[in-house]
Every structure is written in structure tokens, then in C-alpha cells.
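Any read-out appearing in this document is the output of simple, stated calculations on the displayed coordinates, not a laboratory observation. None of the values given here were measured: they were computed from a predicted structure. Please note: Cβ atoms are built from the backbone with ideal geometry, for glycine as well, and neighbour counts cover all protein chains shown.
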Amino acid sequence: MDGPQPTFRPFGISALILVVIGWGGLYFLVTQTYPYVWPRWGFFVLAFMALTGAVLPIVYFLHRRFPDEKPAEAHVITRQALWFGVYGATLAWLQLGRLVTIYVILGLAGGLIAIEYFIRLREKAHWKPPVSDDDQSS
């Protein structure tokens, strides 16, 4: 699928919705609730949404600024923004148990980068048969 680079409009709308719901919900949660079980789970969901929405335009810009030989498709940009949300929410969750050290931060980042690298490697290695324009009539 060697298509053109996707436009920013769907990413911008998605990012705006995620940022408003995520950061707005976090503000409400932190200022209006007590840290019981359900508000705590809500915190992680809203942190995931807020971080993903905040990073989505940045990931789009980086793919636009530094294009690959084949432009990144929309699902690649979305998936990479989701990895940032997963990373931030996981670090927030680990901070509750005081488990965050520099080694955990770097190890988690390295693991997520490796997963994305192997996914991209698999996508690039997916063989597609060549399309022939020859008209072979017998």
C-alpha cells in the first residue's frame, strides 16, 4: 500500500477529543474524588487517553518531517501514539508501589521500542506479489 501520507484532519480531531476527555477527566478526578479503587482505575484510563491524545500530533509531525521510503500509514501513527500512552500510564501505575527506578524507566522504554521495531520489521517484510501490466492472451 504505497499511498500518500495521510492528512492531519482525522488525527487532529481524534487528538482533540482524547486531550479534552483525558486531561479534563484527570482534572475532575484529582480535584473532586478520593483515591478509592474506581477513581484510581479511572485515573489510569484517563491518563492513557490524555497522553495518547497529546502525543498523536507529535508522532504525525515526526512521520511527516522524517519520512521513510514508504510513508507510514494511519494505523502506524496511531499505534505509536498509543505506545506512549501505555508507557506513561504504566509508569504512573508502577509509581504507586514505588517501583519506578531509572532502570525500570529505560527497560520499559526499550521493551516498547523493541516491540514496535519488530512490528515495523514484520510489516516491511510482508511480501506482496508483483502486479503485471502485460496482457497475456492465448
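So, R0 is 22 Å and r is the distance between the beta-carbons of Ile58 and Val100; what FRET efficiency does that work out to, to 0.05? Write out the running numbers ahead of the final one.
Working: r = 23 Å, r/R0 = 1.05.
For Ile58 and Val100, the calculated efficiency is 0.45.
Order the peptides 123-133, 92-102 from the highest to the lowest mean number of other Cβ atoms within 10 Å of their residues. Write out the running numbers ahead of the final one.
Values: 123-133: 7.0, 92-102: 11.5.
The densest-packed peptide leads the list: 92-102, 123-133.
As I understand it, the dipole of the range 26-138 uses +1 on the Cβ of Lys and Arg and -1 on the Cβ of Asp and Glu, about the Cα centre. Which of Leu106, Ala50, Leu29 lies farthest toward its positive end?
Looking along the dipole axis, the top candidate is Leu29.
For the range 9-125, with only Lys/Arg (+1) and Asp/Glu (-1) charged at the beta-carbon, what is the dipole magnitude about the Cα centre, in debye rounded to 20? Please list the in-between numbers first.
Numbers: 10 positive and 5 negative charges, 5 e Å.
Rounded to the nearest 20 debye, it is 20 debye.
Starting from 0.36 nm per residue, how many nanometres of slack lie between Glu116 and Ile13 once their C-alpha separation is accounted for? Present the calculation step by step, with values, prior to reporting the outcome.
Details: separation 103, 0.36 × 103 = 37.08 nm, distance 2.44 nm.
In short, 34.6 nm is gained.
Could you list, bin by bin from short to long, the percent of Cα-Cα pairs of the chain in 5 Å steps?
Once binned at 5 Å, the Cα pair distances of the chain give 2, 9, 14, 17, 16, 14, 10, 7, 4, 3, 2, 1, 1, 1, 0, 0.
Springs between alpha-carbon atoms under 10 Å, Gaussian network over the chain: tell me which of Val37, Val59, Val86 tops the mean-square fluctuations.
Val37
What does the helix-only formula give at 222 nm for the chain: each DSSP H stretch with n ≥ 4 adding -39500 (n - 2.57), the total divided by the residues, and the result rounded to the nearest 500 deg cm²/dmol?
On the way: 4 runs with 100 residues, N = 138.
After summing the helix terms and dividing by the residues of the chain, the value is -25500 deg cm²/dmol.
Comparing Thr52, Thr90, Thr31, which has the greatest mean-square fluctuation in the GNM of the chain with Cα pairs linked when under 10 Å apart?
Ranking Thr52, Thr90, Thr31 by mean-square fluctuation puts Thr31 first.
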